[in-house]
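First comes the structure, then the notes that go with it.
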Ligand SMILES: *[C@@H]1O[C@H](CO)[C@@H](O)[C@H](O)[C@H]1NC(C)=O
């Protein structure tokens with residue numbers, strides 16, 4: 001698979017990991033704090049959170065989902081108490097002072113606040129300071145204690161899996177945003193997930209679809225040791241809590257940027273609106289733009305022996321097929337069916353028109369881009385098996401063995417169930433996102449005579465032996481550590497077996 005151009009470097013890094021390395025001194029400090037300050041803080045924080053609960057619970061009684069009741073004196077009292085308790089809780093957690101720059105706009109001026117980068121559960125601090133509503137998944141309502149506090153701020157709930165609920169969420173945001181300041185402002189983390197703050201990933205359109213003015217808010221954690229980042233790979237929630245409570249002081253900065261009013265064009269095109277706000281925020285943060293989204297995280301998080309080495313081309317492919325609507329309909333079964341059809345073609349190559357027919361789609365620019373992805377020699381012809389393999393990889397990036405199995409179904413010989421070395425090399429190129437895979441090293445160490453073929457069972461056995469199969473056993477272009485157990489044509493070592501065969 002080739003990348004269409006040099007833009008691929010946009011994906012080069014993975015913001016969904018947080019590697020926390022502690023020096024000896026830091027470890028010692030943490031050990032000391034763990035037996036002194038930590039238990040006291042933990043106790044106080046837990047106490048304050050429990051103290052907040054009855055207030056939030058009382059307020060949620062006799063409250064409707066759809067109307068805002070008038071601010072009676074007791075509701076005001078509860079609101080104030082909760083703000084004080086929450087602030088005290090963060091204080092006990094080591095967030096002694098929080099620097100706030102700029103000024104929050106009134107709800108009637110900017111009904112939506114877009115907050116980024118989202119990287120920690122401490123991002124709840126600006127929410128508890130303002131008591132703005134948030135958009136959150138439905139599951140968070142059932143977290144004990146915290147769930148009641150979340151419900152207090154009248155969040156817009158999302159059901160992540162349900163397509164229709166996404167539309168309903170946007171409808172609800174719109175309804176509230178257009179209430180002219182009656183409903184609380186909504187704070188939205190448009191990235192939709194936590195990253196390690198190394199860049200701003202793509203914004204979801206939800207906050208921008210109403211086409212109303214938004215106020216961008218940026219968050220910073222200017223601490224020497226980053227104990228707060230909570231992303232897909234790295235310390236878990238409890239470790240973060242522990243390490244953070246062990247820091248003498250935790251710094252945080254909240255900056256309210258000027259209100260951003262969309263142009264007519266941006267109102268019509270939420271994606272454009274979102275991207276312009278993202279650019280503006282990245283500039284204020286002095287961070288790069290990372291063109292990844294929540295849905296891409298799995299591709300960049302693949303692990304294990306067949307870990308994707310360079311995911312830039314797969315991500316680009318993924319974006320194209322999403323645009324074509326091909327991604328949504330992909331299931332294990334649909335892949336099997338495509339593999340069956342691909343096998344029938346027996347390696348016959350497809351031009352653009354045939355490719356369109358294969359997918360039952362009209363010829364478009366995007367389709368042409370997908371086609372050219374697999375057009376290795378620029379001859380306008382592709383091997384459809386490459387496409388099916390790539391589709392399987394992006395559909396289930398965390399299950400590479402499934403993809404291998406599928407590939408065998410397309411390539412294996414009917415009699416022996418074996419796949420040719422050169423075919424397997426291409427499959428690996430697609431799966432790992434690398435070029436010029438050379439399997440001679442791997443075939444050399446396989447048991448039995450070297451036939452240049454391998455069955456699925458043999459390969460599976462072999463892969464299971466190596467935690468880092470792709471790096472240890474394969475050779476490819478730009479391999480980080482050049483591998484040198486190859487057949488005699490590559491290395492200068494003698495290979496007796498091979499000579500005898502000749
Ligand atoms: C954060 O993500 C970047 C890629 O965007 C990566 O290079 C960096 O190592 C990550 N930081 C940590 C601390 O893991």
Next on the checklist: Which of the numbered conditions does residue 92 fail, given that it passes all the others? Conditions: (1) in contact with a strand residue (DSSP E or B) (Cβ under 8 Å, 6 or more places away or on another chain); (2) touching a residue at least 24 places away in the same chain (Cβ under 8 Å).
Outcome noted: (1)
Checklist outcome for this item: Residues of the range 154-182 being on the phi > 0 side of the Ramachandran plot and either modelled with pLDDT of 85 or more or crowded, with 18+ Cβ neighbours inside 10 Å (or both), in sequence order, are 154
Item to check | Every residue from the range 193-217 that is under 18 Å from residue 171 (Cβ atoms) and assigned to a loop (DSSP other than H, G, I, E, B) | outcome: 204, 205, 206, 207, 208, 209, 210, 211, 212
Item to check | Residue count for the range 362-397, restricted to those that are in contact (Cβ under 8 Å) with a residue 40 or more places away in the chain and over 20 Å from residue 433 (Cβ atoms) | outcome: 3
Checklist entry - Does residue 291 satisfy the condition of being more than 28 Å from residue 99 (Cα to Cα), within 16 Å of the ligand (Cβ to nearest atom) and in a loop (DSSP other than H, G, I, E, B)? => result yes
Checklist outcome for this item: Within the range 16-40, of all residues that are surrounded by fewer than 16 Cβ atoms within 10 Å (Cβ to Cβ) and within 16 Å of the ligand (Cβ to nearest atom), the one farthest from residue 202 (Cα to Cα) is 23
Next on the checklist: Looking at the range 201-225 only, could you name the residues that are buried (at least 18 other Cβ atoms within 10 Å of the Cβ), farther than 13 Å from residue 121 by Cα and within 16 Å of the ligand (Cβ to nearest atom)?
Outcome noted: 201, 202
Next on the checklist: Which numbered condition in (1) touching a helix residue (DSSP H, G or I) at 6+ places or on another chain (Cβ under 7 Å); (2) surrounded by fewer than 16 Cβ atoms within 10 Å (Cβ to Cβ); (3) at pLDDT 95 or above is the only one that residue 60 fails?
Outcome noted: (3)
Checklist outcome for this item: Scanning the range 396-407 for residues that are part of a helix (DSSP H, G or I) and surrounded by fewer than 21 Cβ atoms within 10 Å (Cβ to Cβ) gives 401, 402, 405
Checklist entry - Which of the helices (runs of 4 or more DSSP H) contained wholly in the range 294-391 include at least 2 residues that are surrounded by 21 or more Cβ atoms within 10 Å (Cβ to Cβ)? => result 297-300, 312-323, 332-344, 365-373
Next on the checklist: Given the criteria over 29 Å from residue 57 (Cβ atoms) and in a helix (DSSP H, G or I), does residue 166 qualify?
Outcome noted: yes
Checklist entry - If you check 151, 140, 119, which single one turns out to be surrounded by 15 or more Cβ atoms within 10 Å (Cβ to Cβ), touching a residue at least 40 places away in the same chain (Cβ under 8 Å) and part of a helix (DSSP H, G or I)? => result 151
Item to check | Scope the range 10-28; condition modelled with pLDDT of 90 or more and not in a loop (DSSP other than H, G, I, E, B); matching residues | outcome: 24, 25, 26, 27, 28
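Got at least one residue in the range 315-337 being within 16 Å of the ligand (Cβ to nearest atom), in contact (Cβ under 8 Å) with a residue 40 or more places away in the chain and within 30 Å of residue 460 (Cβ to Cβ)?
Residues of the range 315-337 that are within 16 Å of the ligand (Cβ to nearest atom), as a first pass: 315.
So of that shortlist, the ones also in contact (Cβ under 8 Å) with a residue 40 or more places away in the chain come out as 315.
From what is left, the residues that are within 30 Å of residue 460 (Cβ to Cβ) are 315.
Yes, some residue in the range 315-337 is within 16 Å of the ligand (Cβ to nearest atom), in contact (Cβ under 8 Å) with a residue 40 or more places away in the chain and within 30 Å of residue 460 (Cβ to Cβ).
The values are calculated or read from the model by the stated rules, or taken from the named source; none is laboratory data. Predicted model, so just to flag it, every value in this text is computed and none were measured. Using ideal geometry, Cβ is built from the backbone for each residue, glycine included, and neighbour counts are taken over all protein chains shown.
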